[in-house]
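Colleague: The structure's right below; bear with me while I get my questions together.
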Amino acid sequence: MRPCVVMIFSLLVVFLEATTDNQLPAVGDGGGGDDNGVTTNKCLDKERDALLQFKANLHDPDGSLSTWRPEEDDCCAWEGVTCDDKTGYHVTQLNTNSAGLVGEISHSLVNLTYLNLLDLSSNSFHGNIPRSIGSLAELRYLDLSGNSFYGTIPPEIGNLTNLQELSLGSVGRCRVENLDWLSHLSHLEKLALDGISLAKENQWVDVVLSLRNLSSLSLDGCELSQVVYPYSSSFLNSSSSSISFLSLRNNNLNSSMYGWLSPLTSDKLRRLDLSSNMLDGIPKYLGNLSSLEALTLDYNSAVVRFPDFLKNLSSGCTSLTLQYLYAQTSQFTGSLPDCIQNFSSLSYLYLSNNHMNGTISEKLWELSSLEEIDLSQNHLSGAISENIAKSKASIINLSKNPLQGVPYTNHMSNLSYLDYISLSSCKLGPHFPKWIQKLEKLTGLDISNSRISDIVPPEFWDMQFSYLNLSSNNISGEIPYLSSSYGGSTMIDLSSNSFNGPIPHLPSSLELLNLSRNKFSGGISSLCQIVDGFLQFLDLSHNSLTGQIPDCLWHFKELKVLNLGHNSLFGKLPTSFKSLIKLEALYLYENDFSGEFPLSLKNCTSLTSLNLGANKFSGKVPVWIGENLSRLYVLVLRSNKFLGTIPLQVCQLPNLQILDFSRNNLHGSIPSCLNNLTRMAQKGFLPLPNVHPYSATQYFNNIYSIHPYRTYLEYVDHAMIEWQGSEREFTRNLGLLKSIDMSSNNLTGHIPYELANLHELLALNLSKNALIGEIPQQVGQMNNLLALDLSGNHLSGGIPTSMSQMTSLCYLDVSCNNLSGRIPSSTQFQSFQPSSYNGNAGLCGPPLSGKCPGDEELLVGKSDGDWEDMDEFWGWFYIGGGTGFVTGFWIVCGTLLFNRRVRHAFFQFFDNFKDWVYVKMVVFIAKLRRIVHK
């Protein structure tokens, strides 16, 4: 009996030990029990320390790893960390996708030996990809894409023989020296090497075909066109592909690649993306792919006739299976032919921004599966067929084509599936299209710039829109109200028409509202009806609106652009302005607003463009502008009643390109620290700051639609700027302008020579002040200056001779000062009108009629023959110089105003031209001396 008890007891001990080893973390490894001996589920100390060391190497500006704290024992509860109780609470997954992390990957990750998923994608990791990752033998999913790694992809990744998905795409400057390691990953199903150079990797196709389980392959931007021998011919004859998704975007491929593309495109291929290449056609074998559902050829740079393209693609089974055809912004020419009817399964046809011409085949509208059609921005012509009423599409975009209007027919009501239609820039007018009201499910409509000169039928306003664009027509009448669709966000653009009356009742769900350049009148209290918090863009400019801004802007926390300019609004800005924390552009130009500089704008730290010009604001310019509004590139306060000195804190705005303090009551000196406005001195290409792009997903009819249609919009900043003596509006080119205007104030003191450091400045206006002293010699260094106005001051001394080097100068005004001496000799200075120098009694020389002291002595004792020689010489000189200047200089100033590349090329030529002129001038001076000394 006792031996049996001993045996049973021994087996029980073994069982308990096995249970402890396999199911409960060991006490020494951080998984043990509490004081009462109860086991808790905590990660192992070794793995917890490995994660903390991984974090220690990183910068975490977004706080994504804030839960990773040493005092938190259970790392299984940390953000992005997953443990599995089946492995004894080992860490099995680490996912920091899009966490904003910066730094290098720590080698400590090798201690996470049970890791089967590692996703570090879309961060800012840099350095080399650690070779130690190859020791994580359990990995099945590895994603390092969207980072900034460099160097060679470590071949040790080939040790991860359990990998099913591998993504190293867009990893900066990485390359592959030998792809043999990839052939070891026999279980691989998805592979993405986007952005990794394979230029020296011969026979890479062979390696890919050896992966029998591979179903998804993405090699975007891998320099495949530079591979000399992408495959071995013997291997291709005996291999077939299992790939169903293949993307080869941005590889500069031409039709020579079709030889090695063939074995990668078997009948299993469902999606093929060849965008951003140089393909001059499609081979017929692609028309035989019996499973191909989606073909993408966006941004193809080679010219292809679309009828030939369709003919090759419909040579076999592909025409029966193809559902998605995307070929936007390519070089397709020709018409949309009748053979489109062969593609009976086609659901999505996107051919926008090509060069297609001719008519649209009526067969297009008979495709029963077609859901979305985009043929916008082509050269298609003719009338829009009444067969359009046969279409079952939910989205139709024919905008920006010279198409004629849709014939009115009772059958238009058959478009029962239509959610969105765009006929922008088509010829629909002059009458408002009545067939629109037949489309009961329509929630998106764009008929802008379509030559309509009519009133809107009253029943039209009963329709509910998510997107409505009637802009740039001549539509008149009052608007009773604006409806919104299904409670979702709404975008409405009625700008540049002749609508009148009060601002209509507004839906609470507005995301964009543009009523600018109409004849609306009355107050704007209706803005208080917009309460859902979606509003991003509001433009009511160029109307006849009156009253004050209502203090109800608390809900506008998403607002980016607010334009109330060119109205008759008055009063102080309400305190609710401080809620506009995302506001990027504020235009209040030409109203009657008053009071001191709005303190509520101190909270609007996202502002890039601030225009308060042509109002009645008063008081001092606050110092906090330079401290709180550091993103400003436009600051316009002109034509107000501001007083005091210019705060030095303005110099803390490094992005500032346009500074306009003109027509105020400012006094004191011009800050010498303005040379800290680095953007005005910075050379090279800079991203334009004056465009505010955004896109909104339109879920027409059904806000949970599987296939939403995205509307891409942009708002372009604009400003009224004094330019060469007159006021003009800058719009698209505003982001290229770099200008300082402090004219018409009471500024005193000298012109700071430090301004000459602003080498990229295009316009400087300091006129109508009380500045004294001489024009700084350093001004001649401002070689890019196009306009300079120093008139109406008390400047003395001469015009610096260095200014003759300012070859770009198109406009100069130094009149009404105390300048003296000879006007420097140069093509520019002699070409300006004499009025540019008037009011300076001491100035002399061309183009002024008065001679300089000493000129008479040169002319004493000359014979009549000498005078004839002189007259003949000066006559030819003026004819040649004047003609050359008129045909060259003024044209250049007009055409090269904002084209940096062409301007630089021109003035490089001009420098060479000056050398030639110099030689001619030496000859001229020699002849002049001979005449003088006769």
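Quick note: the coordinates plus some simple rules give every number you see, no bench work behind them. Because the structure is a prediction, the values reported are computed rather than measured. Virtual Cβ from ideal backbone geometry, glycine too; neighbours counted across all protein chains shown.
Colleague: Just to be sure I understand the model, the point goes 7 Å from the Cα along the line to the Cβ. What's the resulting Gln404 to Glu754 distance in nm?
Modeller: 6.8
Colleague: Can you tell me the length gained on complete extension of the stretch Asn162 to Ser525, counting 0.36 nm per residue apart and subtracting the Cα distance?
Modeller: Roughly 124.2 nm would be gained on extension.
Colleague: Just the projected area, averaged over all directions, of the convex hull on the alpha carbon atoms of the stretch 451-529: how many nm²? Mind dumping the intermediate values first?
Modeller: On the way: hull surface 18.6 nm².
It is 4.6 nm².
Colleague: Roughly how many debye, to the nearest 20, is the charge dipole of the stretch 140-223 about its Cα centre, given +1 on each Lys and Arg Cβ, -1 on each Asp and Glu Cβ, and no other charges?
Modeller: Dipole size: approximately 80 debye.
Colleague: Turning to a different aspect of this structure: Once you place label points 7 Å from the Cα toward the Cβ at Ser669 and Ser726, how far apart are they in nm?
Modeller: 3.8
Colleague: Per residue, what volume in Å³ does the Cα convex hull of the stretch 568-825 take up?
Modeller: Looking at the stretch 568-825, the number lands at 139 Å³ per residue.
Colleague: How long is the gain from Asn252 to Glu386 if the chain were fully straight, where each residue apart is worth 0.36 nm and the alpha carbon distance is subtracted?
Modeller: 44.1 nm
Colleague: A further question on this structure: Can you give me the three principal axis dimensions of the stretch 270-454 from its C-alpha atoms, in Å, biggest first?
Modeller: Cα extents, longest axis first: 52, 28, 24 Å.
Colleague: Could you calculate the contour length gain from Glu362 to Asp60, that is, 0.36 nm times the residue separation minus the distance between their Cα atoms, to one decimal place in nm?
Modeller: Fully extending the segment from Glu362 to Asp60 adds 103.0 nm.
Colleague: Per q in 0.10, 0.12, 0.17 Å⁻¹, report the Debye log10 I(q)/I(0) for the stretch 447-600, using one uniform scatterer on each alpha carbon and no solvent.
Modeller: Once normalised to I(0) and log-transformed, intensities are -0.33, -0.48, -0.98.
Colleague: In addition: From the mean inverse distance of alpha carbon pairs (Kirkwood) and the Cα radius of gyration, derive Rg over Rh for the stretch 189-323.
Modeller: Value, to two decimals: 0.94.
Colleague: Sorted by mean Cβ packing within 10 Å, highest first, what order do the peptides 217-226, 443-452 take? Write down the numbers at each step before the final one.
Modeller: Working: 217-226: 19.8, 443-452: 22.6.
Order by mean packing, descending: 443-452, 217-226.
Colleague: Take every Cα-Cα distance within the stretch 70-149, group them into 5 Å bins from 0 onward, and report for each bin the whole-number percent of pairs it holds.
Modeller: Final binned percentages: 3, 15, 24, 27, 20, 9, 3, 0.
Colleague: Which residues in the stretch 174-199 place their backbone N less than 15 Å from a point set 7 Å from the Cα of Thr152 along the Cα-to-Cβ direction?
Modeller: Inside the label zone: 174-182, 197-199.
Colleague: Checking the a/c ratio against 1.5 first, then a/b against b/c, what shape does the Cα gyration tensor give for the stretch 751-812? List each step's numbers first, then the result.
Modeller: Numbers: a/c = 1.61, a/b = 1.41, b/c = 1.14.
Prolate shape, in that a/c is at least 1.5 and a/b is the bigger ratio.
Colleague: Just to be sure I follow: if Rg is taken over the C-alpha atoms of the stretch 130-175 and Rh is the Kirkwood radius over the same atoms, what is Rg/Rh?
Modeller: When Rh is taken as the Kirkwood radius, the ratio is 0.95.
Colleague: Sort 72-83, 503-514, 89-100 for me by packing, meaning the mean count of neighbouring Cβ atoms within 10 Å per residue, highest on top.
Modeller: Output ranking for 72-83, 503-514, 89-100: 503-514, 89-100, 72-83.
Colleague: So how far apart, in nm, are the two label points at His355 and Ser416 if each is 7 Å from Cα heading toward Cβ?
Modeller: About 4.4 nm separates the two model spin labels.
Colleague: Across bins of 10 angstrom width beginning at 0, how are the C-alpha pair distances of the stretch 317-371 distributed, in whole percent?
Modeller: Reading the bins upward from 0: 25, 55, 21.
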